[in-house]
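Visitor: Below you will find the structure I want to go over with you.
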Amino acid sequence: MNNFPQTLTIAGSDSGGGAGMQADIKTIQERHVFATNVVVAITAQNTIGVQDSFPLPLELVTKQFESLAADFKIRACKTGMLADAEHVAVVAQNLRHFDFGPLTLDPVMIAKGGASLLADSAIDTLRSELLPLATVLTPNLPEAEVLTGQKIQTTADFKIAATQLQKMGAKNIIIKGGHLDNSDQACDYVLYADGSDDWLNTPRIATVRTHGTGDTFSACLTAELAKQVPLKKAIQISKAFIQVAIANPIAVGHGHGPTNHWAYQEVEHD
Ligand SMILES: Nc1ncnc2c1ncn2[C@@H]1O[C@H](COP(=O)(O)OP(=O)(O)O)[C@@H](O)[C@H]1O
Ligand SMILES: Cc1ncc(COP(=O)(O)O)c(N)n1
């Protein structure tokens, strides 16, 4: 009775509904997988920016993990906004304690509108405590640069950075190229645990409606991993899911609008 694919998203709440935990849950639902959540922080946010944020008490974060572990059989999990070093440490401690399946670690640092979602002082803790637990690490370009301390401009730089991130303990690395806006392609670089690699290239869509793209991509991956879809296939589905979600925007908000989480089910795609 407890064997339906179940996932866990450990993240911040976006009141605007397009990113964070809300993007995760909407995406996971579209993949016909059950989503549970641990709320780490609450943001007052819309498509224009983040107006305020509040990290939840550490004990309440741990209690949410305990509640879920006592009832659900979670087969894959992901992290998003983790706020500060104390919250990163408590999440890592809970993930070491409970078995929630493969971890997709999206090292969320700065929102598209420019607001900080992770204190600078948390980077070391993220690197030392959480990276070694990651089955898949999905930094965007600026996040990969912060974690490695290296500029990433050329295709060779992507490979060097991914290798460095793997040495820090994450098994599989996907460096997302959404921020590389001098290219007509949205190219992501994948370095697998066995050393093989891959480029995922799709046409870059000219739009400001990219709120929550990274969350949506990593949530789709988490849902597929919960269904035990092999990693390479799960990554391909996630890339197609985000491409079609960006390509079919919904007219919501005045700023970086959300992507369309139901497009993959409803619109023709690769
Ligand atoms: N304008 C775009 N057109 C097509 N794909 C995009 C675009 N922007 C981002 N993507 C894709 O969306 C996914 C998330 O990437 P990115 O936006 O870099 O992440 P984040 O939200 O963490 O900053 C990646 O697969 C990336 O290639
Ligand atoms: C709570 C929360 N988590 C993650 C993001 C990142 O999304 P984006 O970089 O697309 O703004 C966000 N804006 N808010």
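Visitor: When the helices in the chain are scored as -39500 (n - 2.57) per DSSP H run of 4 or longer and the sum is shared across all residues, what 222 nm value do you end up with, to the nearest 500 deg cm²/dmol? Please list the in-between numbers first.
Guide: Values: 8 runs with 92 residues, N = 270.
The per-residue figure over the chain is -10500 deg cm²/dmol.
Visitor: Another question, then. Name the residue farthest towards the positive end of the dipole of the range 6-260 from the options GLN236, GLY195, PRO258, assuming +1 on Cβ of Lys and Arg, -1 on Cβ of Asp and Glu, about the Cα centre.
Guide: Sorting the options by dipole projection puts first GLN236.
Visitor: Could I ask something else about it? What's the long-distance tail for the range 1-147, i.e. % of Cα pairs beyond 28 Å?
Guide: On the way: 1299 of 10731 pairs.
The answer is 12 percent, as a whole percent.
Visitor: What is the distance in Å between the Cα centroid of the range 1-65 and that of the range 175-251?
Guide: 20
Visitor: Two-decimal Rg/Rh of the range 6-260 from alpha-carbon positions, Kirkwood Rh? Before the final figure, lay out each step's value.
Guide: On the way: Rg = 16.5 Å, Rh = 17.8 Å.
With Rh from the inverse mean 1/r over Cα pairs, Rg/Rh is 0.93.
Visitor: Taking amide H positions as placed in the peptide plane 1.01 Å from N, state which residues far from GLY255 in sequence (5 or more) or on other chains have amide H under 5 Å from it.
Guide: THR47, ILE48
Visitor: Mind giving me the nanometre distance, one decimal, between the label points for ALA69 and SER121, set 7 Å out from Cα along Cα→Cβ?
Guide: Each label point lies 7 Å from its Cα, and together they span 2.7 nm.
Values in this text are rule-based calculations from the coordinates and carry no lab data. It should be emphasised that the depicted structure is a prediction, and the values quoted were computed from it without experimental measurement. A quick note on method: Cβ atoms are made from the backbone with ideal geometry, for glycine too, and the neighbour counts reach across all protein chains shown.
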